[in-house]
Amino acid sequence: MKPAALSFEALRDAVERLPDDRLASSRRAALAHLAEHGLPTTRNEDWKYTDLAPVIDISNRWLQRERETAPSHEREKMVEQVCRSIDADWLVICDGAIDNRFATDFEQPGISVTRLSEHGGELQFGMPLSDLNAALLQDGLRIHIAGGATPSRPVGILLIDHAATSPGMSQARIEIELEANSAASFVEYHVSSGAADHYANTVTTLRLGDNSRADCVRIQNRAGNHSQTGRLSVVSGRDSRFRHCAFDLGGKFIRNDLHVDIARPGAQVEFNGLYLAGDQQHIDNHTRADHRVGPATSTQEYRGIVAGSARGVWNGKAIVYEGADGTDASQTNHNLLLSDKAEVDAKPELEIYADDVKCSHGTTVGELDETALFYLRTRGLSEHEAKQVLTRAFAQAIVSKSPIASMHDTLADRIADRLANLLQGAGA
Amino acid sequence: MAPDPDNIESLVSRRYEHGFVTDIAADTMPPGLDEDVVRAISARKNEPEFMLEWRLRAYRQWRDMQEPAWAHVHYPPIDFEAISYFSAPMSDDDRPKSLDEVDPKLLETYDKLGIPLHERARLAGVAVDAVFDSVSVATTFKEKLSEAGIIFCPFSEAVENHPELVKKYLGTVVPQRDNFYAALNSAVFSDGSFVYVPKGVRCPMELSTYFRINAANTGQFERTLIIADEGSYVSYLEGCTAPMRDENQLHAAVVELVALDNAEIKYSTVQNWYPGDENGKGGIYNFVTKRGDCRGANSKISWTQVETGSAITWKYPSCILRGDNSVGEFYSVAVANNYQQADTGTKMIHIGRNTSSTIVSKGISAGHAQNAYRGLVRVMPQADGARNHTQCDSLLIGKKCGAHTFPYMEIRNPGAKVEHEATTSKISANQLFYCRQRGLSEEDAVNMIVNGFCKEVFKELPMEFAVEAQALLNVSLEGAVG
Amino acid sequence: MLEIKNLKASIGGTEILRGLSLNVGAGEIHAIMGPNGSGKSTLAQVIAGHADYEVLAGTVTYMGKNLLDLEPEERAREGIFLGFQYPVEIPGVNNAYLLKAAVNAKRKHQGLPEIDAFEFLKLAKEKMALLDMDPKLLNRGVNEGFSGGEKKRNEILQMAMLEPKLAILDETDSGLDIDALRAVAKGVNALRSPDRAIVLVTHYQRLLGYVEPDRVHVLSQGKIARSGDKTLALQLEEKGYDWVREAANG
């Protein structure tokens, strides 16, 4: 089978139609990069289990058609719903465009929010799909936390897309920088609506100053017919702490890349995730921690519950460079497979070039623990109830690792809804 | 008839004595590979038409294939046109005349491994008399086997005497176009072993290449086929702890195992091809395809390997668990020292119901070496009740080496239970000091700790092989610490 | 037997021993006491030859030899035994195997043949019985998954098998229940002999109730602040370490 190709003619036209602002030269450079390197195929080890054909198809159809403007009332309703349910100071990006009302009014001590087009710096686009993102980017957000600042409320970033009748595609880019000794938390929320196909592609960069702390929660709850690829790149400073928790509840075709670069000693990095996949969903989480120096700690735990004809992919990689003594890296991945049409692909990788290290990984794929099931049944629960209880508990382990405590209840509710749905489909 | 166990034991303990080497009059073909070369190889071996056709099909497929590049190894490109695909055993004129002409370093190693004198001569390639008193050993051995109905002979002999078996099983586990090196091997393979154990027969002794008549030069493209018919059992030992030197840098062997209903095959390997010198010069490229097919219900295939040699090892002994309740096992110790590179592991493909597999991999890296475990566990949708447990441990000795783990789990059955664990450790300064405080030298302490690390795998080896494997490990890691 | 003069030693650039002098004669039992951080364990490690400790000044003479010139294993073979405060776990290495290898390393050094396997096992079991040790521990990995008490008894077992000339027991009594303490004391007392010296490094007086020392030294800030007979230990118990510190400073 011939790999799907992006139609470059149409892409070039689309890039040319974007405003001739301070990002224009970056867009053209990214386009050239994309033209030269193309998009990754399944022959590329990092894309072995995820074929980009479906999103390339959406991109091509989007490039060749008239854009529609989303109906504002529906969007307003969703924005309001999300912003109300989670306590945060919100920024909103709709269909790849920054919503002025939120960005302009954003005033919190120690936090400054600007547009990338105001800065005119170079956009980073060396990694797969980040070139596509840079080439088609309308504008992005830059969030800057001043040295020593410790804002009390999380910064919320809502990414919302809509595709009613014709295929949609959007690019979003957020650059976050924490200066030394600051501490802040961030919520990234992805939602979408509409009956037509949609593909969203996001790039987030996070730079942690010395002794700074960032707590992040990402929730992806897109419509069941919509796709997303996202990349988060983190560079950690000396003695900094980064905690991230990702929840993939919705969407059809999802690929997340999380890359942490530990370039200064003393960093503590923790990233966890939960993916719930049913129907025809394809959810792929790739994580990578580059331990360039030691001592530093990275721990991660991802859990997946996969039902229907869905496919859950997890690939965790830790690279320990020569001389990075005192590295402690651990990876854990547990999966529950609920249907005989579903598939789990797991790949925990370690590449180690230093000897004074502690590295481990553990992965399991299987069913619920039979002893626990039996125990609950002896206490009077039906098999169905017992399975629900244990499955919820399996997911809850990740919720409780989520670094923003105020969100735990909201998360637990969302996950319970989605699980009820999955378990019904699984006939449990 | 049941074999006399005492007699067998005495045979086994005399295993360093070996068969004779017959003189094959043949020259070396010019380098390069095309259809004519394949035809010439086949002709020289007097092969039947079906064999030639089979080789040619493989060659045509190989021509269109790409050399794999995914392994975690680096080496200069191989010029396949510069290789001679058929070479006769070295003539006596080219060999050292006596052990005095052999590299003293090599002799020192033989000494450490406790290899008997006359065996050293053969290993070092010294021209020796073709007839030893061990001919009688080999003959007794062959008699025992044929009494039980077991066929154990060079592959070329099997093509001649048992074409129906070869036709039925050859390439059914590793198809010609399975991978680049397997295709190359299929086109030009030199020789190897063939084993057939009939229904219900338990092979009365460990089959070892040591016993094999004409084992001296099977060449760089070895091909082995072992078939265990229903309810049979066989244990096969391959390799040798002594360092093996070979003029051919590229080795691309293929091993196929077939286990029918209720049959069991145990395949043990000690690989100690020349690893190159301490600066990484020279050494064998060992690109091997080994696969077992648990074709029948309740069958079992168990791979145990101790890999210490070769500059580059690329090897994944695998099990296709097709039969219901079949069992696959992989126990591996891979040592990489100096500039060696190893990318090795296994594949367990669960197809039948209630199939189970166990993987225990112990990787030891020292010097500037790179040692990677690469393994796949795949559970197909119909494989209800599949079970896998993988334990994958790395031990690092020194600051310049690398230890890598690349496990793949592809699970498509909700009733499957798959567990993978991996750890990395080093020999800690505290452990060494503790042992030294008890009076052990640093080297002995390292050897002791390394052997402890590998214990789970060594216990799977046949007893006398295990003892040698330990000694081999110690020699392989010489100079790794301090 | 052991003569330490003005020993100064540091770890990681921090000076711990600051001019320590000590003489231990054959047949004597010395107790070295002192508060945490006074240098007790450092002294034990330096005598055994741990590479992390740097000797800055002073001399250590053992049986007329300059001990500081010897590798750890040479010291061990010459008859120095260190009972570790934290015995190291070596997974996969059989306890009996290490024991036998250690015994043979020493025998080889002495020009003796290797110990017969049967004899070795018999001897090990005898000694284990004396220490109330489960013989099954012989077949486990070295200290792997041992309880605190089992680890300490295992140290004493190794000592009993190796029959050292100079044994230094670093906090062998810490973390032991009364039964284990008694068993350890029994093992130590059994080794008392006119040609053997034993140095007990300890924080508390507890063990000294079972093993009576000839001399007691109190370490403070890397030096011996006070020496005396066994009554010194009792005085310490009563008055605490501050008393010594004050006495040393005053």
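The values are calculated or read from the model by the stated rules, or taken from the named source; none is laboratory data. Please read these numbers as outputs of a predicted model, since none were measured by experiment. With ideal geometry, Cβ positions are generated from the backbone for all residues, glycine too; neighbour counts draw on all protein chains shown. Please note that ligands, DNA and RNA were not included when accessible areas were found on the heavy atoms of the full protein model with its side chains. Shrake-Rupley method; radii C 1.70, N 1.55, O 1.52, S 1.80 Å.
Normalising by the residue count of chain A, find the relative contact order in percent from Cα pairs under 8 Å and 6+ residues apart. Don't skip to the answer; put the middle values down first.
Working: 1075 pairs, mean separation 42.6, N = 428.
RCO, chain A: 10 percent.
Relative intensity of the stretch B:160-204 on a log10 scale, I(q)/I(0) at q = 0.19 Å⁻¹, equals -0.74, per a Debye sum over C-alpha point scatterers of equal strength in the absence of solvent. What the phi angles of the stretch A:324-331 give under the Karplus curve with 6.51, -1.76 and 1.60, with θ = phi - 60°, is a coupling list of 7, 5, x, 7, 10, 10, 9, 10 Hz, glycine and proline written as x.
Suppose accessible area is computed on protein heavy atoms with a 1.4 Å probe; arrange C:MET161, B:MET463, A:MET127 from highest to lowest. Don't skip to the answer; put the middle values down first.
Numbers: C:MET161 15, B:MET463 145, A:MET127 80 Å².
From most exposed to least exposed: B:MET463, A:MET127, C:MET161.
Using the empirical formula 2.2 N^0.38 Å as the baseline, the Cα radius of gyration of the stretch A:365-409 reaches a ratio of 1.37. Using a probe of 1.4 Å on the protein chains alone, the accessible area found for A:ARG65 is around 120 Å².
Heavy-atom accessible area of B:LYS417 with all protein chains present, probe 1.4 Å, nearest 10 Å²? Here the residue's solvent-accessible area equals roughly 100 Å². Pair-distance distribution of the stretch A:19-158: all C-alpha pairs, bin width 10 Å, starting at 0; shares per bin in whole percent are 10, 29, 33, 24, 4. Carbon and sulfur: what percent of the stretch A:333-411's accessible surface (1.4 Å probe)? Carbon with sulfur: 50 percent of the solvent-accessible area. Ordered by solvent-accessible area of protein heavy atoms (1.4 Å probe), largest first, the residues A:GLU301, C:GLU212 come out as C:GLU212, A:GLU301. Over all Cα atoms in chain C, the spread is summed up by Rg and Dmax: 17.9, 60 Å.
Note on the stretch A:8-264: Kirkwood hydrodynamic radius from all Cα pairs is 18.6 Å, rounded to one decimal.
For the protein assembly as shown, report the convex hull volume of the alpha-carbon atoms normalised per residue, in Å³, without decimals.
Working: hull volume 253.6 nm³, N = 1160.
Output value, Cα hull per residue: 219 Å³.
Any idea of the accessible area per residue across the protein assembly as shown, 1.4 Å probe, to the nearest Å²?
On the way: 45970 Å² over 1160 residues.
Accessible area per residue, the protein assembly as shown: 40 Å².
Computed over the stretch C:174-250, the P(r) curve from all C-alpha pair distances, binned at 10 Å from the origin, holds 16, 46, 29, 8, 0 percent per bin.
Could you list, in their original order, any pairs among B:LYS399/C:LYS8; C:LYS8/C:LYS230; C:LYS65/C:LYS151; B:LYS300/B:LYS362; B:LYS266/B:LYS315; C:LYS125/C:LYS165 whose Cα atoms are separated by more than 20 Å? Numbers along the way, then the final one.
Details: B:LYS399/C:LYS8 31 Å; C:LYS8/C:LYS230 27 Å; C:LYS65/C:LYS151 32 Å; B:LYS300/B:LYS362 22 Å; B:LYS266/B:LYS315 17 Å; C:LYS125/C:LYS165 22 Å.
Where the Cα-Cα span goes over 20 Å, the pairs concerned are B:LYS399/C:LYS8; C:LYS8/C:LYS230; C:LYS65/C:LYS151; B:LYS300/B:LYS362; C:LYS125/C:LYS165.
Its alpha carbons considered, the stretch A:129-286 gives a radius of gyration followed by a Dmax of 16.0, 51 Å. Entry note, the stretch C:91-184: relative contact order of 35 percent, from Cα contacts under 8 Å with a spacing of 6+ residues.
With a 10 Å cut-off around each Cβ of C:79-88, the average count of Cβ atoms from other chains is 3.
Summed for both chains, how many Å² of accessible area, to the nearest 100, are buried between C and B with a 1.4 Å probe? Write down the numbers at each step before the final one.
On the way: alone 12030 and 20550 Å², together 30610 Å².
That pair hides around 2000 Å² of surface in total.
If you take the accessible area of A alone plus B alone and subtract the pair, what total do you get in square angstrom, rounded to 100, with a 1.4 Å probe?
In total, chains A and B hide about 2800 Å² from solvent.
Would you please report the Å³ per residue occupied by the convex hull of the alpha carbon atoms in the stretch C:129-228? Can you show the working numbers first?
Details: hull volume 11.5 nm³, N = 100.
Hull volume over Cα atoms, normalised by residue count, gives 115 Å³.
Ordering B:ARG55, C:ARG206, A:ARG414, B:ARG353 by accessible surface, largest first, gives B:ARG353, C:ARG206, A:ARG414, B:ARG55; the 1.4 Å probe counts only protein heavy atoms, with every chain in place. Normalised by the number of residues in the stretch A:205-297, the mean separation of alpha-carbon contacts (under 8 Å, six or more apart) gives a relative contact order of 30 percent.
Out of the total accessible area of the stretch A:8-264 (probe 1.4 Å, heavy atoms of protein only), what percent is carbon and sulfur? Ligands and nucleic acids excluded, carbon and sulfur give 45 percent. Counting, for every residue in C:93-106, the Cβ atoms of other protein chains within 10 Å of its Cβ and taking the mean gives 4. The residues of the stretch A:352-396 listed by number as losing at least 40 Å² of accessible area in the complex, against the isolated chain and with a 1.4 Å probe, are A:ILE352, A:TYR353, A:ASP355, A:HIS361, A:THR363, A:VAL365, A:GLU367. Among A:GLY326, A:GLY194, A:GLY366, the largest mean-square fluctuation in a Gaussian network model of chain A, built with springs joining Cα atoms closer than 10 Å, belongs to A:GLY366.
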